[in-house]
1. Please find, within region A:1-59, the residue that is nearest to the chain's Cα centre (by Cα) out of those that are facing another protein chain (nearest Cβ under 10 Å) and surrounded by 13 or more Cβ atoms within 10 Å (Cβ to Cβ).
2. Give the residues of region B:61-76 that are more than 13 Å from every other protein chain (Cβ to nearest Cβ) and either open to solvent by 40 Å² or more (accessible area, probe 1.4 Å) or under 21 Å from the mean Cα position of the chain (by Cα) (or both), sorted by residue number.
3. Return the pairs, sorted by first residue and then second, in which the second residue is in a helix (DSSP H, G or I) and open to solvent by 10 Å² or more (accessible area, probe 1.4 Å), the first residue lies in region B:77-103 and is away from chain A (no Cβ under 13 Å) and over 15 Å from B:Leu122 (Cα atoms), the beta carbons are less than 6 Å apart, and the residues are 6+ apart or on different chains.
4. Return yes or no: is A:Gly91 surrounded by fewer than 22 Cβ atoms within 10 Å (Cβ to Cβ), of a type outside the set (Asp, Glu) and on the phi > 0 side of the Ramachandran plot?
5. How many residues are of a type outside the set (Lys, Arg) and open to solvent by less than 30 Å² (accessible area, probe 1.4 Å) when one looks only at region A:140-178?
6. Tell me which of these B:Lys180 doesn't satisfy, since it passes every other one: (1) at pLDDT below 90; (2) under 30 Å from B:Val54 (Cα atoms).
7. Given the conditions (1) surrounded by 20 or more Cβ atoms within 10 Å (Cβ to Cβ); (2) at pLDDT 95 or above, which single one is not true for A:Arg101?
8. Let me confirm something: among B:Tyr117, B:Tyr153, B:Tyr112, which residue is in the same structural domain as B:Glu66 (by TED's automatic domain parsing), aromatic (Phe, Trp, Tyr), more than 30 Å from the chain's Cα centre (by Cα) and at negative phi?
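The values are calculated or read from the model by the stated rules, or taken from the named source; none is laboratory data. A quick note: this is a predicted structure, and the numbers were derived from the prediction, not measured. FYI the Cβ positions are ideal-geometry reconstructions off the backbone, even for glycines, and counts take in every protein chain you see. Protein only, heavy atoms only, side chains kept; ligands, DNA and RNA dropped before computing areas. Shrake-Rupley method; radii C 1.70, N 1.55, O 1.52, S 1.80 Å.
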Amino acid sequence: MKRLVYLLPLCIFLIIFGYFAVGLNLNPRDMPSMLIDQEVPAFDLEPIKGSTRGFSKEDLKGKVTLVNIFGSWCGACLVEHPFLMEIRAKGLVPIYGIDWREKNPDDGPRWLARRGDPYTLVGDDPKSKAAIAFGVTGAPETFFVDKRGFIRYKHVGPITQKNWQSSLWPLVQELRKQ
Amino acid sequence: MKFTHSPSIARWAPPRPAVMVFSNKKAKAFFTFVALSLLTLCASQSLAVEPGEVLNDPVLEARAREVSKGFRCVVCQNQSIDDSNAALARDMRVLVRERLVAGDSNAEVSNYMVSRYGDYVLLKPPLNKSTYVLWFGPLLIIGLGILTLFIFYRRRQNSTAVTPEGLSDEERHRLEALLKGEE
């Protein structure tokens with residue numbers, strides 16, 4: 001029985017080791033969103049240059065929607081762009097775009113004109129007003145909004161064929177049923 | 001004999017100073033280096049805050065600086081938004097200032113940021129259930145260490161007090177006998 005005391009330091013070491021083993025393997029970029037199961041934050045975005053209509057919180061009610069943060073400066077947005085075009089072409093789910101932090105107000109519209117516009121409506125967010133309200137940490141990020149206008153999921157990084165098939169599209173269908 | 005040829009004194013050379021003296025050029029370079037190194041100390045305190053962001057009201061600006069020092073830049077993660085040059089950090093600084101100007105208290109601004117980004121955005125982790133280990137773990141371990149030391153020394157003291165029991169009568173006689181025998 002007394003001998004067990006000598007094992008105590010080893011036990012403490014193992015506990016600390018366990019904490020570090022898990023903690024140091026977490027990806028610091030995977031930050032949980034505070035907005036899951038919360039109502040979409042209040043925002044009202046101006047249209048981008050050359051367009052007549054931006055969008056606001058009210059536009060997201062009554063149907064399942066995706067809100068996609070993008071920017072012409074963002075390389076990963078270019079990666080997911082063709083797939084967003086595919087979603088639009090197939091009419092799978094309406095995507096609303098937040099054009100985030102363009103240096104020049106022409107950049108966003110030019111980017112969309114050249115590569116195609118997958119968005120139902122696009123709002124301009126040069127000062128990160130909406131981005132901060134959504135708790136955005138980088139682009140692209142996509143929020144899945146249910147019929148009531150509540151955020152149900154946040155996807156960080158590009159949407160690809162693979163993650164769309166495996167989890168994102170099933171999620172959209174699940175949200176539609178509710 | 002005194003004047004035999006000795007190469008070391010034959011060739012006259014100017015006396016070398018014991019300590020190497022820098023040439024003027026080297027000295028200059030050295031002092032420039034020291035001055036620049038000292039400058040880097042100041043540089044770490046220089047602002048990411050751009051002149052256009054600074055509020056006219058010095059009291060509000062001081063509050064804005066204080067509050068934004070406590071927020072983590074979510075892009076660069078190990079800097080506060082007050083230190084970071086990231087675009088998002090800049091927009092957050094502007095937002096903090098707008099909210100303060102609109103009459104928010106420091107706590108209200110902080111609550112807003114936490115409601116968007118979670119406790120993660122605070123550089124100083126708040127005290128709550130999930131951070132008890134973080135805050136009290138080190139104290140607990142130090143406590144355990146002190147306790148262990150205390151027990152260890154107590155035991156050693158007790159055991160040393162027990163050993164010198166003195167000699168038994170028989171042993172004393174033998175010892176005396178031995179000592180006498182030697183004399």
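1. A:Ser33
2. B:Ala62, B:Arg63, B:Arg65, B:Glu66, B:Lys69, B:Gly70
3. Every condition considered, the pairs that remain are B:Leu100/B:Leu60; B:Leu100/B:Arg63.
4. Numbers: surrounded by fewer than 22 Cβ atoms within 10 Å (Cβ to Cβ): yes; of a type outside the set (Asp, Glu): yes; on the phi > 0 side of the Ramachandran plot: yes.
Taking the combined requirement at face value, the residue satisfies it.
5. Kept after step one, since they are of a type outside the set (Lys, Arg), are these residues of region A:140-178: A:140-146, A:149-151, A:153, A:155-161, A:163-175, A:178.
Going one step further and asking which of them are open to solvent by less than 30 Å² (accessible area, probe 1.4 Å), we end up with A:140-146, A:149, A:151, A:155, A:157, A:159, A:164, A:168, A:172, A:175.
Final tally of qualifying residues: 16.
6. Result: B:Lys180 fails condition (2) only.
7. (2)
8. B:Tyr112
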